[in-house]
Every structure is written in structure tokens, then in C-alpha cells.
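Participant: I'd like to ask you about the structure that follows.
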Amino acid sequence: MAARAGVAVSTLHFYESEGLIESWRTPANHRRYDRRELRRVAVIRVAQSLGIPLAEIRAMLARLPKGRAPNKAEWQAVSEDWSRELDARIARLEALRDDLDGCIGCGCLSMETCPLYNPDDRKGREGPGPRTWIARERRLRKAT
Ligand code: FES
């Protein structure tokens, strides 16, 4: 299982302890994994590589049936819900990328655009942190 999935045995044990995958025991008490768990491990690895929190991955996988391989319709239902969340995440990442070289309202006043978008750090009166990003994040979350 570890060799085919491309992860360490300890990673499988971690995923199992987190309730993300399941194993069963032989009469000699050796741990075995059903082949269907390979797909779950693959999804977990890709999602983690994209920075998706484990809690979010767990919530998604928890919607799939336990003890048997999910059918296509079950994967599709989960996939459609997750697609909406991923679209929202993509929108936030694009916003981050697009604003990275401009004023984000953090209070540093170090960018050329700061005097225009955050004169005298007026945004600091709204609260701590990068106020422009925080406001955009709120708008994006409301929109999705
Ligand atoms: S980038 Fe920090 S206040 Fe403009």
C-alpha cells in the first residue's frame, strides 16, 4: 500500500489515526488496506499539496461511504460540493496574487500606492492586519 501510494508507512498510519482511511487486520495481526484506499490516499496527498487543511479533507472524505468503494455518483456528489469550495479558494488565491505588489492596507506604508489607498494608515482605524485583503476576503466569502 505504502509503495503503491507513494507515501511512508507512518503516513498511512497517520491518515488512519485521523480517520481518513481504513485498514483491517489479518489473523496474524498484520495491517492490510483495501485497494480502494489508494484513491483516498491520492486525493489526500493532492489536496494537502494544494494547501487544503486536513480538517477540510476529512470533512469531504467523511461524506463517502465506509467499508466499501464509493460509486461514481457518490464521488461526483462530493466532487461537485468540493468544486465550489475550491473555486472560492482559487478566487482568493488570485486576489492575493493580483494584490501582492500593491497596497494591501497593512500599515507599512512602504509601497508607492500606499499614499493613495491607505493615506496616513487610515485603514488601521478599521482594525489590525491587512485591511484591504481582509475586506476582499470577506466579500469573496459572502459571494460564495
Ligand atoms: S502595503 Fe502596507 S499599507 Fe500599503
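Only the coordinates and a few stated rules stand behind these numbers; no lab work does. Please read these numbers as outputs of a predicted model, since none were measured by experiment. For neighbour counting, all protein chains shown are included, and Cβ atoms are generated from backbone atoms with ideal geometry for every residue, glycine included.
Participant: At 222 nm, what helix-only mean residue ellipticity would the chain give, in deg cm²/dmol to the nearest 500, using -39500 (n - 2.57) for each DSSP H run of four or more?
Facilitator: So the helix-based figure for the chain works out to -17000 deg cm²/dmol.
Participant: Quick one: Karplus J couplings for the range 90-97, per residue in order, coefficients 6.51, -1.76, 1.60, θ = phi - 60°, nearest Hz, x for Gly and Pro?
Facilitator: Values, residue by residue: 4, 4, 5, 5, 5, 5, 4, 4 Hz.
Participant: What's the long-distance tail for the range 1-85, i.e. % of Cα pairs beyond 15 Å?
Facilitator: That tail contains 59 percent of the Cα-Cα pairs.
Participant: Then there is this: Assigning unit charges at the beta carbon (Lys, Arg +1; Asp, Glu -1) and nothing else, what dipole magnitude in debye, to the nearest 20, does the chain show about its Cα centre? Kindly include the intermediate steps, with their values, before the conclusion.
Facilitator: Values: 27 positive and 20 negative charges, 152 e Å.
About 720 debye.
Participant: Taking Cα centroids, how far is the range 51-68 from the range 72-144 in Å?
Facilitator: Using only Cα atoms, the two centres lie 26 Å from each other.
Participant: Continuing with this model, one more query. Give me Val41, Val46 ranked fewest to most by other Cβ atoms within 10 Å of their Cβ, as a rough exposure proxy.
Facilitator: Working: Val41 21, Val46 11.
In order of increasing Cβ crowding within 10 Å: Val46, Val41.
Participant: Right, something else. Once the dipole of the chain is set up with Lys and Arg at +1 and Asp and Glu at -1 on Cβ about the Cα centre, which of Asn71, Ser49, Tyr15 lies farthest towards its positive end?
Facilitator: Asn71
Participant: For Ile52, Ile104, what ranking results if the residue with the fewest other Cβ atoms within 10 Å of its Cβ goes first?
Facilitator: Details: Ile52 18, Ile104 23.
By the 10 Å Cβ count, ascending, the order reads Ile52, Ile104.
Participant: May I pose another question? In 5 Å bins starting at 0, how do the alpha-carbon pair distances of the range 83-144 split up by percent?
Facilitator: Values per bin, smallest distances first: 4, 19, 27, 20, 15, 9, 4, 1, 0.
Participant: Another question, if that's okay. Take the alpha carbon atoms of the chain, find their radius of gyration, then divide it by 2.2 N^0.38 Å using N residues; give the quotient. Working shown, then result.
Facilitator: Working: Rg = 21.6 Å, N = 144, 2.2 N^0.38 = 14.5 Å.
Compactness ratio reported: 1.49.
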